[in-house]
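The values are calculated or read from the model by the stated rules, or taken from the named source; none is laboratory data. Quick caveat: nothing in here was measured; it's all calculated off a predicted structure. When we count neighbours, we look across all protein chains shown, and the Cβ atoms used for this are built from the backbone with ideal geometry, even at glycine.
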Amino acid sequence: MDVDKASATRALKDEIKKLKEEKGAVILAHYYTKGEIQEVADYIGDSLALARIASKLSAPVIVMCGVHFMGETAKILCPDKKVLIPDPEAGCSLADSCPADEFEKFVKAHPGYEVISYVNTSAAVKAHTDVVVTSSNARKIVDSFPADAKLIFGPDRNLGSYINSVTGRDMLLWDGACHVHEQFSVEKLVELKKQHPEAKVLAHPECKRAIILLADVVGSTAALLDYAVDSDCREFIVATESGILHEMQRKCPDKTFIPLPPNDSTCGCNDCSFMKLNTLEKLRDCLRDGRPEVTVDPEVAEKARRPIDRMLSLS
Ligand code: 13P
Ligand code: SF4
């Protein structure tokens, strides 16, 4: 980073710190956001950790640096707080692959099924759900249902089929996916494994089955990070969004993390363009202006809260 850019970044971070204190705000950031956002956050974490932290905060203002459904989850759990997001356009292709009206029809077409939804969904989809899961607790929560329960799992077909494979279930899957995790190249993974035969492959369960089958560890962003910290291995090939490498490298400065590239690009990483919409400038502006604010229709929020609370109590 050149000197001017470094001092502008430092000044912005100072401004954010000052505004945060003035407004009584707490900044939460997902591991996929830019490193500079993670550096100014009070808490960083995976989806489950961020939901848990939001539910316990006493601060009047929460700024969610992540994507929109994470802001909605925080708002549903903390209806009396102001929940801000730096960029309201920070959506999620996986959440978008499951429109609430179509999901409602699907659920109604399958009476007698329990409905499990991944947290990467809109509040309106959660309102048609019995229990929410994240990639951290999906297996445990699915296992908590009786063996003969009829289960719908939405919207991620990759996570759903991974959970089917490890639990022996036959859940009915919604046909959705994340554009980032679908893009990882199996050929490039095979090539990287040849070049780095000692490296462990860490994969998020949103990846396609062919990637999962080549992985040594499959888990949420937090689980992959914990594994990298605890492992004696020195090299890791990382099949998830590249933002996680910031915290992996910070916690393990002597280890090497190699991001698995996507299919159709020569770049070395796989970014979620939505997560990367969170910038220091937008974070400063949203703290200063008190907007954009996340709102959830109270009736929808009430219905969506039950399956989120159920998840929190089961995990
Ligand atoms: P985690 O729950 O592992 O943080 O994943 C969230 C996500 O959006 C993955 O793409
Ligand atoms: Fe959504 Fe995929 Fe981005 Fe995660 S990486 S927030 S699932 S678009």
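Please find, among S122, S135, S165, S117, the residue that is over 18 Å from the mean Cα position of the chain (by Cα) and among the small types (G, A, S).
On the way: S122 fails: over 18 Å from the mean Cα position of the chain (by Cα); S135 fails: over 18 Å from the mean Cα position of the chain (by Cα); S117 fails: over 18 Å from the mean Cα position of the chain (by Cα).
The conditions single out S165.
If you go through the range 165-179, how many residues are in a loop (DSSP other than H, G, I, E, B) and not small (G, A, S)? Spell out the reasoning first.
Of all residues in the range 165-179, those in a loop (DSSP other than H, G, I, E, B) come to 168-171, 174-175, 177-178.
Going one step further and asking which of them are not small (G, A, S), we end up with 169-171, 174-175, 178.
Number of matching residues: 6.
Counting only residues that are of a type outside the set (V, I, T) and touching a Lys or Arg at 6+ places or on another chain (Cβ under 8 Å), which one in the range 180-221 is nearest to I244 (Cα to Cα)? Quick ask: steps written out before the conclusion?
First, pick out the residues of the range 180-221 that are of a type outside the set (V, I, T): 181-185, 187-189, 191-200, 202-210, 213-216, 219-220.
Cutting the leftovers down to touching a Lys or Arg at 6+ places or on another chain (Cβ under 8 Å) gives us 181-182, 184, 198-199, 214, 216.
On the way: H181: 13, E182: 17, F184: 16, E198: 21, A199: 17, L214: 20, D216: 17 Å.
Filtering the range 180-221 for residues that are of a type outside the set (V, I, T) and touching a Lys or Arg at 6+ places or on another chain (Cβ under 8 Å), the one nearest to I244 (Cα to Cα) comes out as H181.
If you take the residues in the range 137-188 that are more than 20 Å from H110 (Cβ to Cβ) and buried (at least 22 other Cβ atoms within 10 Å of the Cβ), which one is farthest from ligand 2 (Cβ to nearest atom)?
It comes out as Y162.
Among the numbered conditions (1) away from ligand 2 (no atom under 16 Å from the Cβ); (2) more than 20 Å from the chain's Cα centre (by Cα), tell me where I308 comes up short.
Just one mismatch for I308, condition (2).
Give the range 58-103 a look and list any residue that's in a loop (DSSP other than H, G, I, E, B) and more than 16 Å from ligand 2 (Cβ to nearest atom), or say none.
Initial filter on the range 58-103 (in a loop (DSSP other than H, G, I, E, B)): 58-60, 66-67, 78-81, 85-92, 97-99.
Passing the criteria: S58, A59, P60, C78, P79, D80, K81.
Is it the case that the range 38-61 has a residue that's more than 22 Å from S273 (Cα to Cα), of a type in the set (D, E), in contact (Cβ under 8 Å) with a residue 40 or more places away in the chain and more than 14 Å from ligand 1 (Cβ to nearest atom)?
no
Which condition breaks for P86 when tested against (1) crowded, with 24+ Cβ neighbours inside 10 Å; (2) touching a residue at least 40 places away in the same chain (Cβ under 8 Å); (3) within 16 Å of ligand 1 (Cβ to nearest atom)?
Only one criterion in (1) crowded, with 24+ Cβ neighbours inside 10 Å; (2) touching a residue at least 40 places away in the same chain (Cβ under 8 Å); (3) within 16 Å of ligand 1 (Cβ to nearest atom) is unmet by P86, namely (3).
Anything in the range 28-50 that is hydrophobic (A, V, I, L, M, F, W, C) and either surrounded by fewer than 17 Cβ atoms within 10 Å (Cβ to Cβ) or modelled with pLDDT of 95 or more (or both)? List them, or say none.
We begin by selecting, within the range 28-50, every residue hydrophobic (A, V, I, L, M, F, W, C); these are 28-29, 37, 40-41, 44, 48-50.
Residues satisfying the conditions are L28, A29, I37, V40, A41, I44, A49, L50.
Restricted to the range 192-219, and to residues that are in a loop (DSSP other than H, G, I, E, B), under 19 Å from the mean Cα position of the chain (by Cα) and closer than 20 Å to P262 by Cβ, which residue is farthest from ligand 1 (Cβ to nearest atom)? I'd like the intermediate steps shown before the answer.
Here is the first cut: in the range 192-219, the residues in a loop (DSSP other than H, G, I, E, B) are 196-199, 204-208, 215-216, 219.
Now narrow it down to the ones that are under 19 Å from the mean Cα position of the chain (by Cα): 204-208, 219.
After this cut, where a residue has to be closer than 20 Å to P262 by Cβ as well, the list is 204-208.
Working: H204: 6, P205: 8, E206: 5, C207: 10, K208: 13 Å.
Among those that are in a loop (DSSP other than H, G, I, E, B), under 19 Å from the mean Cα position of the chain (by Cα) and closer than 20 Å to P262 by Cβ, it is K208.
Looking at V115, V125 in this structure, which one is modelled with pLDDT of 95 or more, touching a helix residue (DSSP H, G or I) at 6+ places or on another chain (Cβ under 7 Å), within 16 Å of ligand 2 (Cβ to nearest atom) and under 12 Å from W174 (Cβ atoms)? Before the answer, list the steps.
Values: V115 fails: within 16 Å of ligand 2 (Cβ to nearest atom).
Of the residues listed, the single one that is modelled with pLDDT of 95 or more, touching a helix residue (DSSP H, G or I) at 6+ places or on another chain (Cβ under 7 Å), within 16 Å of ligand 2 (Cβ to nearest atom) and under 12 Å from W174 (Cβ atoms) is V125.
Yes or no: the range 90-106 includes at least one residue that is polar (S, T, N, Q), surrounded by fewer than 24 Cβ atoms within 10 Å (Cβ to Cβ) and within 27 Å of G35 (Cβ to Cβ).
Taking the range 90-106 and keeping what is polar (S, T, N, Q), we get 93, 97.
Applying the additional criterion that residues be surrounded by fewer than 24 Cβ atoms within 10 Å (Cβ to Cβ) yields 93, 97.
Filter again for within 27 Å of G35 (Cβ to Cβ), leaving 93.
Among the residues of the range 90-106, at least one is polar (S, T, N, Q), surrounded by fewer than 24 Cβ atoms within 10 Å (Cβ to Cβ) and within 27 Å of G35 (Cβ to Cβ), which makes the answer yes.
How many residues does the range 130-163 contain that are within 17 Å of C98 (Cα to Cα), in contact with a Leu (Cβ under 6 Å, 6 or more places away or on another chain) and assigned to a helix (DSSP H, G or I)?
2
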